[in-house]
Every structure is written in C-alpha cells, then in structure tokens.
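Undergrad: Got a structure for you, written out below as structure tokens; questions coming shortly.
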Amino acid sequence: MSDIATNVIVDGTLNTLITASVVTWALILIKGVQHIRISYHNRRYNKEFWSAPNIQAAAHLENQNGPAARVAGIGFSTLVETDGGASTHDLEHTWDRQELLDRRLRQQMQKERGSLESGLAVLATIGSISPFVGLFGTVWGIMGALTNISKTGSASLEVVAGPIGEALIATAVGIAVAVPAVVGYNFFIRRNKVVWAFLDDFAIDFVHLALKSSFIIERPNSKSGSAASARLTDVSGGKKPSFKDTHDELLAKEAHA
C-alpha cells in the first residue's frame with residue numbers, strides 16, 4: 001500500500017466530512033429561519049382569524065402568509081367553489097361539501113408537511129454515516145502506518161505516533177459532524193410535530209365553523225352584484241321592465257297621435 005494512496009484516501013475522507021459539515025450547518029440555518037417565519041405567520045394569522053366577527057369576515061383577510069393562512073385559503077376557495085352545488089360532474093365532486101372540504105384541507109396540510117420535512121432526510125443521513133466515514137479514514141490511515149512500520153522495521157514512538165495520530169483525526173471529525181446533524185434532525189422533527197398539531201387543530205376548527213355557516217361563503221363579487229340589483233330595482237320602480245310593458249307604451253303613443 002503506497003503512501004500516496006493512503007494520503008489520498010484519508011484526505012478525501014476528511015474533505016467529504018468537511019463538506020458534510022458545511023451542508024449540515026447550512027440546513028440547520030435554513031430550517032431555523034423557516035421555522036421562525038412559520039411560527040410568526042401562524043401566530044399572526046391565528047390571532048386575526050379568531051378576531052374576525054364571523055367566518056365571512058375571516059374569508060376576506062388580506063396579506064396573509066404561512067401554513068395556516070394557506071390551509072384556510074384552500075378551505076375558503078373550496079366553500080366558494082361548492083356554493084350552490086358543483087357545476088362539474090367528476091369523481092372529485094362526488095363528495096358532499098363537508099367531505100370535499102376535509103379532503104382539500106388534508107391535501108394542503110400534506111403539502112405543508114412535505115415542505116417542513118424537506119432537508120431532514122439529508123440531516124438524518126449525515127448524522128448516521130459520518131462516524132462510519134470517519135472510522136473508515138482512521139482504519140485506512142492506521143493500515144498505511146502499519147505498512148510503513150513493517151517496511152522500516154522500526155516501531156518506535158516517533159514512527160508510530162505521527163501517522164496513527166493523523167488517522168485518528170478522521171474519527172474525531174466524523175463525530176463532530178454527526179453530533180450537530182443528529183441534534184438538528186431531532187429538534188426539527190419535534191418542531192414539525194408542533195406545527196402539524198397546530199394545523200390539525202386549526203383544520204378541525206375550520207370545518208366546525210364552516211358547518212355552523214352551512215358551508216356558505218359569500219363570493220368576492222356578491223356585494224357588487226347585490227348593489228347592481230338594488231340600482232336596477234330603484235330605476236324600475238320596484239320591478240324589472242318587461243317587453244310587454246314597452247310594447248303597451250308604444251301602442252298608447254300611436255293611439256294618442
């Protein structure tokens with residue numbers, strides 16, 4: 001076994017572990033910022049949602065972000081879509097309103113869960129294999145050191161300590177990389193469970209509120225449509241003009257002439 005091959009393998013192992021460490025801390029930073037933003041947006045939307053006088057007012061909250069706002073948005077859009085009955089006849093709309101609402105909310109919650117869990121598999125992999133990668137570099141380095149000892153025929157401390165000490169560094173680096181990855185993975189798994197429990201409770205409360213309102217949400221253009229109808233009523237004196245009324249007026253004018 002040549003010294004060059006040993007050095008290449010040991011150095012490659014160390015470089016791999018350093019790269020894994022950079023990826024680990026980058027993911028920890030990204031996921032940390034993500035959870036801080038999620039917590040802020042969820043608290044803000046939850047407060048404004050429950051401060052609304054009714055579910056109709058809650059449906060018109062603007063400039064909202066975060067998982068809870070997106071789950072509620074899917075719920076409101078589903079209620080508007082099913083208002084007055086589904087206009088399409090396909091498998092998706094064979095559900096009744098409550099079943100379709102439950103299904104849409106669960107689908108959106110699964111999307112949010114996928115976003116929360118992104119990157120955690122990488123942390124779990126790094127935390128699991130880093131010690132073994134470091135151990136591989138250590139074993140290979142020790143094998144190279146023992147080979148050199150056999151070639152030189154000397155087992156003095158000066159000959160043994162240097163190569164074996166350098167090889168043991170790989171194990172230390174592997175452990176140093178694995179510990180943050182495992183701690184970060186466990187922490188974010190716990191945070192994901194908290195967020196998921198919050199969204200699950202929010203979805204259940206949303207369905208109950210929708211049930212109290214008979215699954216009816218005002219459409220965005222319902223107010224303008226009502227105003228237009230009122231103006232039409234005022235102009236026509238309480239009733240819409242008909243073709244018969246116009247025809248009778250023309251006959252009266254001709255007879256008078």
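Undergrad: Of Met109, Met143, which has the most accessible area with a 1.4 Å probe, and how do the rest follow in descending order?
TA: The most accessible residue leads, giving Met143, Met109.
Undergrad: Rounded to the nearest 0.05, what FRET efficiency is calculated for Ala5 and Val179 with R0 set to 35 Å and r the Cβ-Cβ distance?
TA: Using R0 = 35 Å, I get an efficiency of 0.70.
Undergrad: At His60 and Val23, where each label point lies 7 Å from the Cα along Cα→Cβ, what is the point-to-point distance in nanometres?
TA: 5.0
Undergrad: What ranking of His35, His41, His208 comes out by heavy-atom accessible area, probe 1.4 Å, highest first?
TA: Ranking His35, His41, His208 by accessible area, largest first, yields His208, His41, His35.
Undergrad: Separate question: Label 7 Å along Cα→Cβ of Lys193; segment 118-139 residues with amide nitrogen under 20 Å?
TA: Counting backbone N atoms under 20 Å from the label point, the list is 118-125, 127-128.
Undergrad: Ranked highest first by the average count of other Cβ atoms within 10 Å around their residues, in what order do 11-19, 180-188 fall?
TA: On the way: 11-19: 16.4, 180-188: 19.0.
By packing density, highest mean first, the sequence is 180-188, 11-19.
Undergrad: Could you order Val179, Val133 by accessible surface area, starting with the largest, using a probe radius of 1.4 Å?
TA: Val179, Val133
Undergrad: If r is the Cβ-Cβ distance from Gln34 to Ser77 and R0 is 35 Å, what FRET efficiency results, to the nearest 0.05?
TA: Taking R0 as 35 Å, the efficiency between Gln34 and Ser77 is 0.90.
The values are calculated or read from the model by the stated rules, or taken from the named source; none is laboratory data. From a predicted model like this one, the values you see are computed outputs, not experimental measurements. Don't worry about glycine lacking a Cβ; one is built from the backbone with ideal geometry, like all the others, and counts go over all protein chains shown. Each accessible area value is taken on the protein alone, full model and side chains, heavy atoms only, with ligands, DNA and RNA left out. Shrake-Rupley method; radii C 1.70, N 1.55, O 1.52, S 1.80 Å.
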